[in-house]
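Below is one structure, written out as structure tokens, with a few remarks after it.
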Amino acid sequence: MRRPVVGVIGNAHRLENRFTVQMVGERNLRAVAEVSGAVPLMFAGTPEITDIAALLDVVDGVVLTGARANVHPTRFNTEPCAAHEPYDLHRDDVALALSEACVARGVPIFGICRGLQEMNVAFGGSLHPEIREIPGRMNHRMPRLENGEIHPDPTVVFADRHDVTLTPGGAFARILGRDTIRVNSLHGQGILEPGNRVVIEGIAEDGTIEAIRIADASGFALGVQWHAEYDPQRNPINRALFEAFGDALRERRRAA
């Protein structure tokens, strides 16, 4: 049996502030290749050049990666605010429709950070633009130096920051073999109200939703708020998730 193929969504980016490109972080590609055992295939987060039906005829699964851009507030009936830019409206178009299509067709889908948020919005949920502004919540954004610059050491940026309590007996608890885990935190936006089929399976110590699954999905349909693509070659939590995703890919290929 050939290796499964995983579509990894791209993000809009301007190179040298002149050239429009689609970009995917290499950690996502390596996690798919080295831990899930699949061939990563980047596709554009641009609806005019990405045919979702054709894409799903080619790939065995999909990863919705994290990204700097927030999901546009009009997607969940909220007015946009310049303070919460940038946005990536084209990726919204692709990712939200793709989330529904994957679940409908039983194609394994794994949402990471923005990907979890996209899955929630696709099923009718809403987001808060800045979780740290909610009373009682911690600052979930990446660590910065005193001058405001992002910390230069990736081991500090991606260090475990808080605990997540998992639903006993849920999908995540079964995959990870425990009810409490510790994860990194690099996000501003987060789930406010869960979507109609969104089942909450993990909550941070401050109440932030960190892990979800889509109810009644026939295939793997999980999302995490933390960056699971960080070092899954050695991090046991992130490794177990990408391995489980890989198992779902191979199961779907065998059944095809």
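Per the listing GLY106, GLY111, the residue uniquely of a type in the set (Gly, Ala, Ser), closer than 17 Å to ILE212 by Cα and surrounded by 24 or more Cβ atoms within 10 Å (Cβ to Cβ) is GLY111. Somewhere in region 130-146, is a residue in contact (Cβ under 8 Å) with a residue 12 or more places away in the chain, in a helix (DSSP H, G or I) and not basic (Lys, Arg)? Looking for residues that are in contact (Cβ under 8 Å) with a residue 12 or more places away in the chain, in a helix (DSSP H, G or I) and not basic (Lys, Arg), one finds at least one in region 130-146, hence yes. Screening region 9-82 for strands (runs of 3 or more DSSP E) wholly inside it with 3 or more residues that are surrounded by 18 or more Cβ atoms within 10 Å (Cβ to Cβ) and among the hydrophobic types (A, V, I, L, M, F, W, C) returns the ranges 61-64.
GLY124 meets all of the listed conditions (1) surrounded by 15 or more Cβ atoms within 10 Å (Cβ to Cβ); (2) touching a residue at least 60 places away in the same chain (Cβ under 8 Å); (3) under 18 Å from ASN196 (Cβ atoms) but one, namely (1).
So how many residues does region 31-48 have that are out of contact with any Pro (no Cβ under 6 Å at 6 or more places or on another chain) and either under 18 Å from VAL224 (Cα atoms) or in contact (Cβ under 8 Å) with a residue 60 or more places away in the chain (or both)?
Filtering region 31-48 for residues out of contact with any Pro (no Cβ under 6 Å at 6 or more places or on another chain) gives 34, 36-37, 39-48.
The next check asks that each one be either under 18 Å from VAL224 (Cα atoms) or in contact (Cβ under 8 Å) with a residue 60 or more places away in the chain (or both); those that pass are 34, 36-37.
Residues in region 31-48 being out of contact with any Pro (no Cβ under 6 Å at 6 or more places or on another chain) and either under 18 Å from VAL224 (Cα atoms) or in contact (Cβ under 8 Å) with a residue 60 or more places away in the chain (or both): 3 in total.
The set of residues in region 97-129 that are of a type outside the set (A, V, I, L, M, F, W, C) and in a loop (DSSP other than H, G, I, E, B) comprises GLY106, PRO108, GLY124, GLY125, PRO129. Here LEU249, LEU241, LEU192 are screened, and the one residue that is under 18 Å from GLY25 (Cβ atoms), in contact (Cβ under 8 Å) with a residue 40 or more places away in the chain and either open to solvent by 20 Å² or more (accessible area, probe 1.4 Å) or not in a strand (DSSP E or B) (or both) is LEU241.
If the condition is being within 19 Å of VAL198 (Cβ to Cβ) and either in a loop (DSSP other than H, G, I, E, B) or open to solvent by 70 Å² or more (accessible area, probe 1.4 Å) (or both), then region 147-167 contributes THR165, THR167.
The values are calculated or read from the model by the stated rules, or taken from the named source; none is laboratory data. Note that the structure is a prediction, hence the values are computed from the model and not measured. As a convention, Cβ positions derive from the backbone with ideal geometry for all residues, glycine included, and neighbour counts pool all protein chains shown. SASA here: full protein model, heavy atoms, side chains in, ligands and nucleic acids out. Shrake-Rupley method; radii C 1.70, N 1.55, O 1.52, S 1.80 Å.
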